[in-house]
Structures are given as structure tokens and as C-alpha cells.
Amino acid sequence: DRQEPSPINVNMLELGDAAVLAAVLGDDVSLRGAADIIAGRPPGGYSDITAFLAEPSIKKLELKNEVTNRFEITSRYLKARAEIIYDRKVLTMTSEIAMNGDRARVVSRRIGAEM
């Protein structure tokens with residue numbers, strides 16, 4: 001069985017993720033070009049994947065469906081981090097959450113520093 005690659009949420013990409021975006025977009029996009037695409041994301045993100053694919057720097061690439069199908073605007077997994085400060089002590093809790101439509105399920109929860 002061949003597993004499908006994980007989708008990439010274009011609304012969650014950070015500048016440090018430019019290499020991932022450049023790798024998926026192919027040889028015509030440099031690391032700097034991918035960083036520019038991420039930096040140029042509209043405030044609040046893309047409303048749908050069509051808006052992302054219509055960006056001039058993306059549209060000119062004439063991407064095939066197997067590439068465009070890699071992109072999403074929502075995530076199936078989220079990470080939530082809470083920090084509680086009490087009497088100069090810090091407690092950190094990190095939860096990984098799986099989303100299925102409007103339903104959320106905690107996959108894991110860690111109390112203490114992340115490794």
C-alpha cells in the first residue's frame with residue numbers, strides 16, 4: 001500500500017516552512033520565492049484553496065492536479081499550548097487535537113516542557 005503524502009495547510013505555513021513549500025511546488029520555485037508566497041498571504045489567510053491557486057506566483061507555475069491536491073486551507077490536526085503562571089512557577093500543557101468536521105478529539109496531552 002502506498003500512503004498519500006500529508007496535506008499542507010497554506011494558511012498555517014510560517015516563513016520557516018518555505019523549504020517545504022518550495023519542495024512541493026517544484027524546481028521553478030526557489031526558497032526565497034516560497035518565503036515570498038508565505039509572506040504575501042492575505043491577513044486572515046485564504047478563504048478557499050482556489051484563492052491560493054489564483055495567486056499570480058502560483059498560477060504561473062501551471063501546477064498539475066497531483067500537486068494542487070496537496071494543499072488545503074484547514075488542518076486535521078492542531079496543537080494547543082497553554083501556559084499557567086502562578087507564584088513565579090510556570091506549568092506548560094500541550095495538547096494534540098484531531099479534527100473531524102466539527103468534532104475534536106484529544107490525541108495526546110503533555111504536561112511539562114516539550115521535547
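In the range 4-18, the residues that are under 10 Å from SER75 (Cα atoms) reach residues that are in a loop (DSSP other than H, G, I, E, B) and of a type in the set (S, T, N, Q) with C-beta atoms within less than 8 angstrom, at least six apart or across chains, in these pairs: ASN9/THR74; ASN9/SER75; ASN11/THR74; MET12/SER75. Sub-9 Å Cβ pairs linking a first residue in the range 91-108 that is within 13 Å of SER75 (Cα to Cα) to a second residue that is open to solvent by less than 70 Å² (accessible area, probe 1.4 Å) and not in a strand (DSSP E or B), at least 6 apart or interchain, are MET99/SER75, ordered by first then second residue.
As a summary of the residue check, LEU31 satisfies the conditions (1) open to solvent by less than 90 Å² (accessible area, probe 1.4 Å); (2) more than 24 Å from ASN100 (Cβ to Cβ); (3) not polar (S, T, N, Q) except for the one numbered (1).
When you check ARG76 against the structure, is it modelled with pLDDT under 90, of a type in the set (Lys, Arg) and either in contact with a Phe, Trp or Tyr (Cβ under 9 Å, 6 or more places away or on another chain) or within 24 Å of ALA19 (Cβ to Cβ) (or both), yes or no? For ARG76, the condition - modelled with pLDDT under 90, of a type in the set (Lys, Arg) and either in contact with a Phe, Trp or Tyr (Cβ under 9 Å, 6 or more places away or on another chain) or within 24 Å of ALA19 (Cβ to Cβ) (or both) - is met.
Taking the range 50-62 as the range and being open to solvent by 40 Å² or more (accessible area, probe 1.4 Å) and in contact with a helix residue (DSSP H, G or I) (Cβ under 8 Å, 6 or more places away or on another chain) as the test, the residues that pass are LEU53, GLU55, SER57, LYS59. Scanning the range 34-76 for residues that are in contact (Cβ under 8 Å) with a residue 12 or more places away in the chain and of a type in the set (Asp, Glu) yields ASP36, ASP48, GLU55, GLU72.
The values are calculated or read from the model by the stated rules, or taken from the named source; none is laboratory data. This is a predicted model, so every value here is computed, not measured. All Cβ positions, even for glycine, are placed from backbone atoms using ideal geometry, and neighbour counts span all protein chains on display. Calculation scope for accessible area: heavy atoms of the full protein, side chains included, ligands and nucleic acids excluded. Shrake-Rupley method; radii C 1.70, N 1.55, O 1.52, S 1.80 Å.
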